[in-house]
Amino acid sequence: MQYTSRRTPRRALTFMALGALALTTTACGPGVATSGGAVAAPTSGTSSQTPDPTMPSTPTTQATATPSSPTAKPTTKPTAKPTRKPTAKPTAKPTAKPSRPRPEPVVVVLRPGDSGSKVRSMQARLKQIGWFHGDVTDFYGDRTTAAVSGFQKKRGFPSTGVADQRTYDRILSMTRTPTKDELANVKPAAPKPAATSWDADPRCLTGRVICISKSTRSLTWVIDGKPQYSMDVRFGSEAEPTREGVFSITWKKIDVISNLYFTPMPYSMFFSGGQAIHYSGDFARNGYNGSSHGCVNVRNMTALKQLYNAAPVGTKVVVHW
């Protein structure tokens, strides 16, 4: 029987521990042994612990210094330059051209081809002022067109021959309401010779004379002292009297508008400055209830036309009491 001593492992362990202790005592440097056998600690101030030989050695974990990442430069965004909007040049609005006034619509009263009593009346009115000739009718034909066109041209209106509102109104302002005889083409009787009791003035007895009496308010056409015919006349007021004396016709015109009073003066025969013998629609309507501005007004258009054709420029005119 083989005998195995149990003490052998213990002794081996004891010797191993002592050997380790000895190694620890001599191999810890760089300390210096003192006289008492103790080991002096290093002067660096760093203490070192003696590992326990009976304890398993723990691996020293060295702190791995993570290399510091390079300091990230702040990503400074470049300051965005303010985007300059191009300065908008003021868009100059084109100067608005002044709008031309729209022409007023032309209102036609009568035109060629029309017929009726209104046409007849307008023809009679045009006949009063010497623009229409012959008998009046109900039809707006060539004669009426020519009469209206001539009337328009004389006044600076468009010479269309169409009676628009402006033309028609002007015709009305220059004429009177036609009589029944004028509308029916009844010819007036020729003026009768003046009676021998006419208001004769010695200055009216020689040659061809228009003799005008303020006393009898009459005008007499006299040839070599013999009265041919007479007509009623009206004179100016006290503020604007008709001048008296011996004159002569200086100029004459059928179609005249007063520059001062803007009234029609058909068949004018001027004898003293602006004073004339002429037809007056107001005298025909109102008689002696009014007065002229110094002219000699006549209300018988037919008799005045006859005198107008008989007395040329230069004819003697006598105005007396």
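The values are calculated or read from the model by the stated rules, or taken from the named source; none is laboratory data. Since the structure is predicted, the reported quantities are computational estimates derived from the model, not experimental observations. Cβ atoms come from the backbone with ideal geometry, glycine included; neighbour counts cover every protein chain shown. These accessible areas exclude ligands, DNA and RNA; they are computed on the full protein's heavy atoms, side chains included. Shrake-Rupley method; radii C 1.70, N 1.55, O 1.52, S 1.80 Å.
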> Among the residues of segment 195-211, is there at least one that is open to solvent by 20 Å² or more (accessible area, probe 1.4 Å) and closer than 27 Å to Thr175 by Cβ?
Replying inline: no
> Name the pairs whose Cβ atoms lie under 6 Å apart, with the first residue in segment 276-298 and modelled with pLDDT of 90 or more and open to solvent by 60 Å² or more (accessible area, probe 1.4 Å), the second acidic (Asp, Glu) and outside any helix (DSSP H, G or I), and 6 or more positions between them or separate chains?
Replying inline: His293/Glu240
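So which residues in segment 221-270 are among the β-branched types (Val, Ile, Thr) and at pLDDT below 90, if there are any at all? Give the steps one after another, and end with the answer.
Keep residues of segment 221-270 that are among the β-branched types (Val, Ile, Thr), which gives 222-223, 233, 242, 246, 249-250, 254, 256-257, 263.
Listed by number, the residues that qualify are Val256, Ile257, Thr263.
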> Which residues, taken from segment 132-182, are more than 32 Å from the chain's Cα centre (by Cα) and closer than 20 Å to Asp282 by Cα?
Replying inline: Leu172, Met174, Thr175, Arg176, Thr177, Pro178, Thr179, Lys180, Asp181, Glu182
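Restricting segment 216-243 to residues that are hydrophobic (A, V, I, L, M, F, W, C) and surrounded by fewer than 13 Cβ atoms within 10 Å (Cβ to Cβ), which is farthest from Ser291 (Cα to Cα)? Spell out how you get there, then give the answer.
Step one: of segment 216-243, the residues hydrophobic (A, V, I, L, M, F, W, C) are 219, 221-223, 231, 233, 235, 239.
Now narrow it down to the ones that are surrounded by fewer than 13 Cβ atoms within 10 Å (Cβ to Cβ): 223, 239.
Details: Ile223: 29, Ala239: 11 Å.
Once the filter is applied, the top-ranked residue is Ile223.
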> Of the conditions (1) over 22 Å from Arg176 (Cβ atoms); (2) open to solvent by less than 10 Å² (accessible area, probe 1.4 Å), Gly273 fails just one. Which one is it?
Replying inline: (2)
> Looking at (1) over 47 Å from the mean Cα position of the chain (by Cα); (2) closer than 16 Å to Ile129 by Cα; (3) open to solvent by less than 30 Å² (accessible area, probe 1.4 Å), which is the only condition Thr302 fails?
Replying inline: (3)
> Residues of segment 115-158 being in a loop (DSSP other than H, G, I, E, B) and open to solvent by 60 Å² or more (accessible area, probe 1.4 Å), which ones?
Replying inline: Trp131, His133, Asp135, Asp138, Gly156, Pro158
>> Just to confirm my filter: which strands (runs of 3 or more DSSP E) fall fully inside segment 216-314 and include at least 1 residues that are under 25 Å from Ala189 (Cβ atoms)?
In response: 218-223, 226-234, 268-272, 275-279, 296-298
> In segment 249-265, is there at least one residue being crowded, with 16+ Cβ neighbours inside 10 Å and over 50 Å from the mean Cα position of the chain (by Cα)?
Replying inline: yes
